[in-house]
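Beneath this line is the structure, given in structure tokens, with notes to follow.
The values are calculated or read from the model by the stated rules, or taken from the named source; none is laboratory data. Since we're looking at a predicted model, the values are computed, not measured. Here Cβ is always computed from backbone atoms with ideal geometry, including for glycine, and neighbour counts include all displayed protein chains. In case anyone asks, the SASA skips ligands and DNA or RNA and just uses the protein heavy atoms, side chains included. Shrake-Rupley method; radii C 1.70, N 1.55, O 1.52, S 1.80 Å.
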Amino acid sequence: MSAVTGADLLQAADEMTRVLMPHREHDWSVPAGPLRWSCWTTAAHVAHDLLAYAGQVTGRPDDGYLPYDLRVSPDASPAQVLPVVRASAGLLAAAVDTAPPDTRAWHFGPCDPAGFAAMGVAETLLHTHDITLGLGVPWQPPQGLSALVLRRLFPDAPDGAAPQVLLWMTGRGELPGRARRTSWSWRAAVD
């Protein structure tokens, strides 16, 4: 199994920007697909999570999340929020790629750098999907990145096309012959 790396994080953030930047003039105050959050809030949430994960990897707390938060200016346009996501992905990528593989930090148990990278890719792909639904933009997560996330965070995932399985595993899609999921969690802790 290949570990999720900083390059994968940057690829996910670049995909988010590629897909959403052409739609920056749309109304981002609409709900992001099935979420109660707006598209704008969802994009800011991705940046927040990526930065929080970077802090975990570098700070290495073993009992909870570090007590800081990212605040994106509420006046920022979607065209300004997307670079914040990319910058946060860059910080997490640097943290993941420079941390020794045996580094552990808390995420509901001890998590390794590759686990934080996988969660960052998952947050980026899944919330890009939510935003595209809200904006009415057809898009599916990329196959390769979806497969990486499934291998690392969802080892019990069923066979099938990785993007569809990832969406199903997280309650965002249908799989033939399987009931829609209404609750889920990923497995990032390693020890």
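Data overview
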read-out: Candidates Thr124, Thr132, filtered to the one that is surrounded by fewer than 24 Cβ atoms within 10 Å (Cβ to Cβ), out of contact with any Leu (no Cβ under 7 Å at 6 or more places or on another chain) and not basic (Lys, Arg); value: Thr132
read-out: Matching residues, the range 121-147, being assigned to a helix (DSSP H, G or I) and polar (S, T, N, Q); value: Thr124, Thr128, Thr132, Gln143, Ser146
read-out: Unique match (being assigned to a helix (DSSP H, G or I), open to solvent by 80 Å² or more (accessible area, probe 1.4 Å) and in contact with a helix residue (DSSP H, G or I) (Cβ under 7 Å, 6 or more places away or on another chain)) among Thr58, Thr42; value: Thr58
read-out: Matching option when the condition is in contact with a Gly (Cβ under 9 Å, 6 or more places away or on another chain), at pLDDT 95 or above and closer than 18 Å to Pro113 by Cα, among Ala47, Ala7, Ala12; value: Ala12
read-out: Within the range 148-158, considering residues that are in a loop (DSSP other than H, G, I, E, B) and at pLDDT 95 or above, the one least open to solvent (accessible area, probe 1.4 Å); value: Phe154
read-out: The listed residue being part of a helix (DSSP H, G or I), among the basic types (Lys, Arg), modelled with pLDDT of 95 or more and over 14 Å from the mean Cα position of the chain (by Cα), out of Arg18, Arg36; value: Arg18
read-out: Residue selected from the range 84-104 under the condition farther than 16 Å from Gly6 by Cβ and touching a residue at least 40 places away in the same chain (Cβ under 8 Å), by the criterion nearest to the chain's Cα centre (by Cα); value: Val84
read-out: Any chance Ser77 is open to solvent by less than 70 Å² (accessible area, probe 1.4 Å), at pLDDT below 95 and polar (S, T, N, Q); value: no
read-out: Selection within the range 172-191 - in a loop (DSSP other than H, G, I, E, B), open to solvent by less than 80 Å² (accessible area, probe 1.4 Å) and touching a residue at least 24 places away in the same chain (Cβ under 8 Å); value: Arg172, Trp186, Ala188, Val190
read-out: Search result, residues across the range 80-118 that are of a type in the set (A, V, I, L, M, F, W, C), outside any helix (DSSP H, G or I) and surrounded by 23 or more Cβ atoms within 10 Å (Cβ to Cβ); value: Ala105, Cys111
